[in-house]
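Below is one structure, written out as structure tokens; the observations come after it.
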Ligand SMILES: Nc1ncnc2c1ncn2[C@@H]1O[C@H](COP(=O)(O)OP(=O)(O)OP(=O)(O)O)[C@@H](O)[C@H]1O
Ligand SMILES: [Mg+2]
């Protein structure tokens, strides 16, 4: 079953076309990695699906619910607000810069949305938050504030925060790019754990070794288009595509 | 000057202090909510609204408060030939309009200083717009604007003395009157001590508040 279906998506900022006719889908339990040079539109693609940007054209379906449709004459039709809200809660998003709420303690960061958005009772939310923090190896930090944590720890809190809403699919936008190299490992480990548990994920990353290791499928994007997509071994080792080759070569040289 | 004179002066000044304090507190109570509304208006997408508010703020900040007091006190009579309002009410209106403009600019700056990522994280977690503002944004704004707001509040205590211009019987009105009739500086000095003590208390309250919000960065 497809958790996410994107069809013929277009998005521009003024005159700048950033997403040009992108289509792909993600099956339940699948891990999809998106790679590509800076400015190729990876973040914009995630943000469109998360309703942080309005799209210009296309269709998006999440867990069988039609989020956005486009009519024949190119008019974009968003679903009603209630459905959009439901869809939004099916998608979790982990940001490059964590974006934790600084005035909330670690545990409150994780349980506040379940209480005030999902209307869970406090006890349930708190227990759930504690077990998520334990899973992230942060039990001792529950009552600390975000500024007291390392970048890697903050990112793990933000993953717990996203998971607390029980999303059907989890998006990561370069989850390790804001971290010191010695801290990226702990985040990649957490994502690998989630993959083992069959969490459906879309991961934008510059960590090629990690993408090859964890992903079931890889999309290579350039200039707002999907240049190539396939299994990691096909794309990383046996690609016939010149642009993919050039991109990977530049990476290996760095 | 005898001890009895000093007591008399102090009594009079304390009487005025009541008016000073009500002008001060009513101005705060009314101007802060008004300022929040103005700040939100200035951040809205409605161009005309923003232009009107910009003009209002620039007039309030670009002309002397004393002029505004006099204008609001005498304006109704000269412009519309209606009865001159009570001096206290005119002063209150002038102070509220003036301070709302200053507070609005502080609030707007505070709201804008919160990184866009906070709004986006809240949105992606399903918080409604209201929840985002009141649970996520506003608490952080309050921490950031506390120092600037404390400056305004301290200035306000001192500015209440300007209401003397339109004969509001606040503390400075009596101090000035006594100084003239007694040909002495002592009433002015006593008033100064009162103003100073009030601001000492306010400064203490604000540094407590700032300490209280120091638990996060
Ligand atoms: N809000 C915006 N307004 C205008 N242009 C934007 C906006 N957001 C992104 N862009 C432009 O869209 C293009 C794609 O940006 P995007 O952030 O999606 O790229 P990316 O693939 O995520 O790059 P990176 O690897 O550097 O994160 C860039 O040229 C960027 O400058
Ligand atoms: Mg990006």
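The values are calculated or read from the model by the stated rules, or taken from the named source; none is laboratory data. Computed from a predicted model, the values in this text were never measured in an experiment. Methodologically, a virtual Cβ is constructed for each residue, glycine included, from the backbone with ideal geometry; neighbour enumeration extends over all protein chains shown.
At-a-glance table
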| item | result |
| --- | --- |
| Residue in segment B:76-88 that is under 18 Å from the mean Cα position of the chain (by Cα) and modelled with pLDDT under 95 present | yes |
| Conditions (1) surrounded by 20 or more Cβ atoms within 10 Å (Cβ to Cβ); (2) within 18 Å of residue A:109 (Cα to Cα); number of the one not met by residue B:101 | (2) |
| Close pairs from segment A:28-53: first within 14 Å of another protein chain (Cβ to nearest Cβ), partner part of a helix (DSSP H, G or I) and within 12 Å of ligand 2 (Cβ to nearest atom), Cβ under 8 Å, at least 6 apart | A:53/A:44; A:53/A:47 |
| Single condition residue A:140 does not satisfy, out of (1) touching a helix residue (DSSP H, G or I) at 6+ places or on another chain (Cβ under 6 Å); (2) modelled with pLDDT of 95 or more | (1) |
| Condition met for residue A:220 (surrounded by 16 or more Cβ atoms within 10 Å (Cβ to Cβ), more than 14 Å from every other protein chain (Cβ to nearest Cβ), more than 21 Å from residue A:171 (Cβ to Cβ) and within 16 Å of ligand 2 (Cβ to nearest atom)) | no |
| Within segment A:65-77, tally of residues that are without any contact (Cβ under 8 Å) to a residue 12 or more places away in the chain and in contact with a strand residue (DSSP E or B) (Cβ under 8 Å, 6 or more places away or on another chain) | 3 |
| Conditions (1) at pLDDT below 95; (2) in contact with a strand residue (DSSP E or B) (Cβ under 9 Å, 6 or more places away or on another chain); (3) buried (at least 18 other Cβ atoms within 10 Å of the Cβ): number failed by residue A:179 | (2) |
| Among the residues listed as A:202, A:190, the single one being touching a residue at least 40 places away in the same chain (Cβ under 8 Å), surrounded by 16 or more Cβ atoms within 10 Å (Cβ to Cβ) and within 16 Å of ligand 2 (Cβ to nearest atom) | A:202 |
| Candidate set: segment A:138-160, residues that are free of Cβ contacts under 8 Å to residues at least 12 places away in the same chain and more than 14 Å from chain B (Cβ to nearest Cβ); chosen: the one nearest to residue A:110 (Cα to Cα) | A:139 |
| Candidates A:245, A:225, filtered to the one that is away from chain B (no Cβ under 14 Å) and away from ligand 1 (no atom under 16 Å from the Cβ) | A:245 |
| Residue check for residue B:129: within 14 Å of chain A (Cβ to nearest Cβ), under 30 Å from residue A:51 (Cα atoms) and either at pLDDT below 95 or surrounded by fewer than 15 Cβ atoms within 10 Å (Cβ to Cβ) (or both) | yes |
| Residue selected from segment A:89-111 under the condition part of a helix (DSSP H, G or I) and in contact with a helix residue (DSSP H, G or I) (Cβ under 7 Å, 6 or more places away or on another chain), by the criterion farthest from the other protein chains (Cβ to nearest Cβ) | A:107 |
